[in-house]
Amino acid sequence: MEEDIKLFLEYLTVELGLAQNTKDAYERDLKLFATKVKKSIKTITRQDVIAYMYFLKKERYAPSSMARKLAALKSFFRFMTAEGYLEIDPAEVIEAGNKGTILPRVLNRQDVLKLLETPDEATDEGFRDRTMLEVLYATGMRVSELINMPVAGVNLQMKYVIAFGKGSKERIIPLGHYAVEYLEKYLNVVRPRLLHEGSKEKCLFLTIHGSGMTRQRFWQIIKGYGHMAGIRKELTPHILRHSFATHLLDNGADLRTVQELLGHADISTTQIYTHLTNKRLKTIYEKAHPRA
């Protein structure tokens, strides 16, 4: 992983302009992981990352240190996946809780609503952003699937979209009526204004320059709206995907259906969301039952 880590550190310096101390901390954390795992980056799995987190817990690392080391790993693997060096992000749904529990971060329904209502719909950019957030929460798509979705992948009459997932796999995902309403106006009114004259751009969501949006740009957008909405959790593009899955399970959806909607090849990846649901049920039980 040495060369991969060097590439990532160069990205931190050149693209993000991070301070030397911050870059050094990333380097230490990533080299510790590489030393313990001893595998090439393309063979690292989600189980390797989880095993590493349990190693840190066994070695009595403080929760804050574990969280920082996991954050470094998530940033590293997110970069390698976005740049095409990896097809699957092995740290995608992993989170280190206060007691070493490994769970994805999610928003409650109130915070999702606050986030959705933050963009200024009076502007083309704001309406596009609201539409992107509505579609992301309505479908649970990966951000890469959202930003690469072609116009041809949307069927408003039948109320579904086609997501082009990992390994060039396609899956049909139904749309809720809110997402359909926003997509109708976006496609008929807003997108034509963003599309430059004579352009043949096929991407559904466009920037003000008339081109497709990058993953990094959307990350900046969602973080900005999170701050504006007063949401204390640090937002990542995947947080609406995690929230989508958790809220479906909370409301009675079966695990196989959620697996298909998310496009998970292995149901064990989807099962991580059931821990969140079980944890929430236990909290409600303890608060509500007189002899809990």
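Data table
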| item | result |
| --- | --- |
| Residue within segment 36-46 that is in contact with a helix residue (DSSP H, G or I) (Cβ under 7 Å, 6 or more places away or on another chain), under 30 Å from Lys169 (Cβ atoms) and of a type in the set (Gly, Ala, Ser) present | no |
| Residue match in segment 145-165 (condition: basic (Lys, Arg) and touching an Asp or Glu at 6+ places or on another chain (Cβ under 9 Å)) | no |
| Any hit, segment 27-34, residues being within 21 Å of His238 (Cα to Cα) and exposed (fewer than 13 other Cβ atoms within 10 Å of the Cβ) | no |
| Selection from segment 224-259 of residues that are β-branched (Val, Ile, Thr) and either out of contact with any helix residue (DSSP H, G or I) (no Cβ under 6 Å at 6 or more places or on another chain) or part of a loop (DSSP other than H, G, I, E, B) (or both) | Ile231, Thr236, Ile239, Thr257 |
| Unique residue being under 18 Å from the mean Cα position of the chain (by Cα), of a type in the set (A, V, I, L, M), in a helix (DSSP H, G or I) and modelled with pLDDT of 85 or more when the list is Ala51, Ala34, Ala72 | Ala72 |
| Subset of segment 14-26 [under 15 Å from Ala72 (Cβ atoms) and assigned to a helix (DSSP H, G or I)] | Asn21, Thr22, Lys23, Asp24, Ala25, Tyr26 |
| Sole exception among (1) small (Gly, Ala, Ser); (2) at pLDDT below 85; (3) under 25 Å from Glu134 (Cβ atoms) for Ser243, by number | (2) |
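The values are calculated or read from the model by the stated rules, or taken from the named source; none is laboratory data. Quantities reported herein were computed from a predicted structural model and do not represent experimental measurements. No Cβ is skipped: glycine too gets one built from the backbone with ideal geometry, and neighbour counts run over all protein chains shown.
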